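Everything below concerns the one structure shown next.
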Amino acid sequence: MRLTPRQLTALRNALRRSFGPDAHLWLFGSRTDDRARGGDYDLMVQTDEGDASRLVDARLAFLADLHATPAFEDERIDVVLYSTALDPQPRPIRRAALAQGVELT
């Protein structure tokens, strides 16, 4: 997994501030491959939040928080939301993140 300890701490802290203590975070895509180079950060946040408006606000706050830290400044970050309350059956990208990704929380 290609994350520095500083990035991992920043991710966990931003997750808790934006989504609360019960959310889970997954890294998937090329950053899970130690042999790969470059690439963006593909993240999935899994939460029980059932308010779609709250989820959008939390996602924006999460991204803003990450981009404000030196560990992620100017990095490309994609965030997929998976709300078990709104979508009990995960869609294909969410299934891939769950199956092939690395849980960070």
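The residues in region 14-44 that are over 16 Å from Arg76 (Cα atoms) and without any contact (Cβ under 8 Å) to a residue 24 or more places away in the chain can be counted, and the count is 3.
Taken together, the residues in region 8-23 that are assigned to a helix (DSSP H, G or I) and either closer than 20 Å to Gln100 by Cα or among the hydrophobic types (A, V, I, L, M, F, W, C) (or both) amount to 7.
Going through (1) surrounded by 17 or more Cβ atoms within 10 Å (Cβ to Cβ); (2) within 14 Å of the chain's Cα centre (by Cα) one by one, Leu8 falls short only on (1). The residue of region 35-47 that is modelled with the highest pLDDT, among those that are surrounded by 12 or more Cβ atoms within 10 Å (Cβ to Cβ) and in a loop (DSSP other than H, G, I, E, B), is Asp40.
Look at region 71-85: where a residue is assigned to a loop (DSSP other than H, G, I, E, B) and a partner is surrounded by 14 or more Cβ atoms within 10 Å (Cβ to Cβ), sitting 6+ places away or on another chain with Cβ atoms under 6 Å, you get Ala71/Gln7; Ala71/Ala10; Phe72/Leu66. Pairs meeting the criteria (first residue in region 45-57 and within 23 Å of Asn13 (Cβ to Cβ), second residue assigned to a loop (DSSP other than H, G, I, E, B), beta carbons under 6 Å, at least 6 apart or on different chains) are Val45/Ala23; Thr47/Ala23; Asp48/Thr84; Asp48/Ala85; Leu55/Glu49.
The values are calculated or read from the model by the stated rules, or taken from the named source; none is laboratory data. Being a predicted model, the structure only gives us computed values, none of them experimental. Every residue, glycine among them, receives a Cβ derived from its backbone with ideal geometry; neighbour counts consider all protein chains shown.
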